[in-house]
Amino acid sequence: MPRPQLRGPGVLHSRYVRRALEPVARAAPTPASAPTGLLGSGRLVVAFIVLLFVCQLALLVEALAPVRVVFRILAFGTSLALLALAKGPRLKHPAKPFLLASAGLTALNFFHPGTNSPLAAAAQLGIQVSVFAPLFWASRLRIDAKMFGRVVLLLFLFNMASAALGILQVSFPGRFQPALSAIVESQGEGYVRSLQFETASGERVFRPMGLTDVPGGASTGAFYAVLLGGALLLSREGLLKKGLGAAGIGIGLSCLYLGQVRVAAVTLLVCMAAMGLVLTVSGRWVRLMALAGVVGGFAVVAFGWAVAVGGDAVLSRWSTLTASGPSQVYQANRGRFLDSTFEEVLPEFPLGAGLGRYGMANAYFGDNSDRANPPLWAEIQWTAWAYDGGWLGLVCYPLALLATLGWGFQVARRRDDSQGEFWLWGSLLFAYDLGALAQTFSYQFFMSQMGMEFWLLNAAFFSAYWNRNAAVHPHRR
């Protein structure tokens with residue numbers, strides 16, 4: 001057997017370099033094997049967000065009222081379809097096992113004797129899965145940091161537009177007012193009147209709706225305009241985006257005060273504190289002072305302007321937050337629904353109440369002729385989780401949220417700026433996710449389009465971060 005030919009020392013070096021790079025080559029698809037076309041590109045996320053906006057705006061067109069249900073389910077159905085259509089590698093987000101467990105619990109309740117009807121039960125399961133489905137299909141796409149920045153900008157512009165329209169609706173009563181939601185109108189004249197207030201000029205107006213058909217709905221756009229605007233303000237992408245971010249903060253705070261939705265203001269305060277925390281932990285003091293200065297300055301100026309426009313109704317509404325503690329304010333409003341969940345719902349339905357007995361699934365597809373299993377009411381997300389899965393339902397989905405929060409915080413606290421502004425987007429996602437968790441105590445966040453946007457944004461960021469790391473040599477990660 002011939003002796004192998006000896007080689008020079010450079011070969012040893014090239015061998016170890018080749019071996020060090022092999023995991024990177026396996027982790028990152030080559031250009032030839034990477035998914036091509038819309039179904040494998042980050043452009044699919046942008047297209048899906050546009051679809052969400054179109055479906056929301058279609059609800060404001062009176063001529064489309066007969067087919068309103070089509071637009072309500074179109075976004076959910078598209079999200080489900082993309083589970084099979086989207087292309088790319090399956091990334092292991094830490095929240096996925098808990099979401100699958102939650103969906104499994106909901107599916108088991110399909111066979112619960114209290115299930116309303118097969119159609120309503122299928123709709124209930126479909127809504128829940130379609131809301132978190134973006135975490136599974138959007139994380140497969142080839143998304144980079146630039147594409148993720150576009151996604152954030154698109155969400156910011158839509159929410160800022162909703163907040164700006166809300167301000168116009170109060171400033172010019174009757175001019176920019178959309179048709180009132182039929183569901184709200186059906187609650188009776190007394191309830192509808194409670195959603196109005198008298199401005200400083202003496203005119204009676206609805207709380208700003210923005211690009212929704214629900215009084216006070218503009219507060220959601222205002223909330224996200226401030227939160228996303230804060231991230232744009234701290235970015236390095238030029239004065240135009242910084243100016244847009246500052247404008248969004250001012251418009252959002254003004255609309256938030258006029259909307260008088262106190263839970264949105266408290267949640268925003270928590271989110272800003274969370275963003276400040278990660279900026280402190282990562283030692284970014286200059287950005288922390290910039291964010292605090294802009295948000296704090298606009299908070300004072302916007303409140304004075306809102307009181308001048310909205311009158312005593314705005315002043316008296318917000319004074320209730322200082323008259324008593326935030327916990328007392330919550331307990332007097334949404335807190336009783338949380339108490340009812342643990343004191344009444346769970347003892348009665350420890351394993352769930354069956355499917356299709358509340359919410360949109362019941363309203364559109366339910367059969368409430370069975371008096372032994374009447375329709376149920378879920379004001380907050382925690383009640384909905386209890387109906388769908390009992391005690392275990394209150395464990396699985398919140399664990400998915402905590403896993404998502406923890407991953408975002410790990411990215412946000414990194415001090416290394418060599419990977420661009422991922423630390424900034426991580427800070428934003430940590431605050432954004434914390435705000436979503438807080439809103440589960442206020443309404444059914446993860447049975448709505450807002451919950452779908454939550455998982456979409458987290459999936460897009462996870463994909464962008466993974467794709468960036470897959471192209472970096474291991475010793476630089």
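The table that follows gives values for the structure above.
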item: From the options Val266, Val281, Val214, residue that is over 24 Å from Arg334 (Cβ atoms) and among the β-branched types (Val, Ile, Thr); result: Val281
item: Test for Leu457: is it of a type outside the set (D, E, K, R), over 30 Å from Asp339 (Cβ atoms) and in a helix (DSSP H, G or I); result: yes
item: Subset of segment 256-287 that is among the hydroxyl-bearing types (Ser, Thr, Tyr) and crowded, with 16+ Cβ neighbours inside 10 Å - its residue that is nearest to the chain's Cα centre (by Cα); result: Thr267
item: Test: residue in segment 137-150 that is in contact (Cβ under 8 Å) with a residue 24 or more places away in the chain and at positive phi; result: no
item: Unmet criterion (only one of (1) open to solvent by 50 Å² or more (accessible area, probe 1.4 Å); (2) under 26 Å from the mean Cα position of the chain (by Cα); (3) within 28 Å of Thr440 (Cα to Cα); (4) at pLDDT below 90) for Phe298; result: (4)
item: Among (1) under 24 Å from the mean Cα position of the chain (by Cα); (2) open to solvent by 30 Å² or more (accessible area, probe 1.4 Å); (3) at pLDDT below 90, the one test that Leu51 misses; result: (3)
item: Verdict on Glu22 being at pLDDT below 90, within 28 Å of Leu157 (Cα to Cα) and more than 23 Å from the chain's Cα centre (by Cα); result: no
item: Selection from segment 84-143 of residues that are of a type in the set (Lys, Arg), buried (at least 19 other Cβ atoms within 10 Å of the Cβ) and assigned to a helix (DSSP H, G or I); result: Arg140
item: Subset tally (residues that are open to solvent by less than 10 Å² (accessible area, probe 1.4 Å) and without any contact (Cβ under 8 Å) to a residue 60 or more places away in the chain) for segment 434-461; result: 2
item: Some residue of segment 315-322 being more than 24 Å from the chain's Cα centre (by Cα) and among the aliphatic types (A, V, I, L, M); result: yes
item: Residue in segment 375-384 that is closer than 20 Å to Ser117 by Cβ, of a type outside the set (A, V, I, L, M) and surrounded by fewer than 22 Cβ atoms within 10 Å (Cβ to Cβ) present; result: yes
item: Criterion (under 22 Å from Ala145 (Cβ atoms) and open to solvent by less than 50 Å² (accessible area, probe 1.4 Å)) met by exactly one of Gly217, Gly245; result: Gly245
item: Verdict on Pro208 being open to solvent by less than 30 Å² (accessible area, probe 1.4 Å), assigned to a loop (DSSP other than H, G, I, E, B) and without any contact (Cβ under 8 Å) to a residue 40 or more places away in the chain; result: no
item: Subset of segment 189-204 [open to solvent by 60 Å² or more (accessible area, probe 1.4 Å) and under 16 Å from Leu258 (Cα atoms)]; result: Ser194, Glu198, Ala200, Ser201, Glu203, Arg204
item: Test for Val184: is it among the β-branched types (Val, Ile, Thr) and closer than 26 Å to Gly426 by Cβ; result: no
item: Filter result (in contact (Cβ under 8 Å) with a residue 40 or more places away in the chain, of a type in the set (A, V, I, L, M, F, W, C), surrounded by 15 or more Cβ atoms within 10 Å (Cβ to Cβ) and not in a loop (DSSP other than H, G, I, E, B)) within segment 54-67; result: Cys55, Leu57
item: Looking only at segment 171-190, and only at residues there that are under 22 Å from Leu64 (Cβ atoms) and among the charged types (D, E, K, R), the one that is modelled with the highest pLDDT; result: Arg175
item: Residue count for segment 324-355, restricted to those that are modelled with pLDDT of 85 or more and among the polar types (S, T, N, Q); result: 2
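The values are calculated or read from the model by the stated rules, or taken from the named source; none is laboratory data. All values reported here derive from a predicted model rather than from experimental measurement. Positions of Cβ are backbone-derived with ideal geometry, glycine not excepted, and every protein chain shown enters the neighbour counts. Remember, those area values only see protein heavy atoms, side chains included, never the ligands or the DNA or RNA. Shrake-Rupley method; radii C 1.70, N 1.55, O 1.52, S 1.80 Å.
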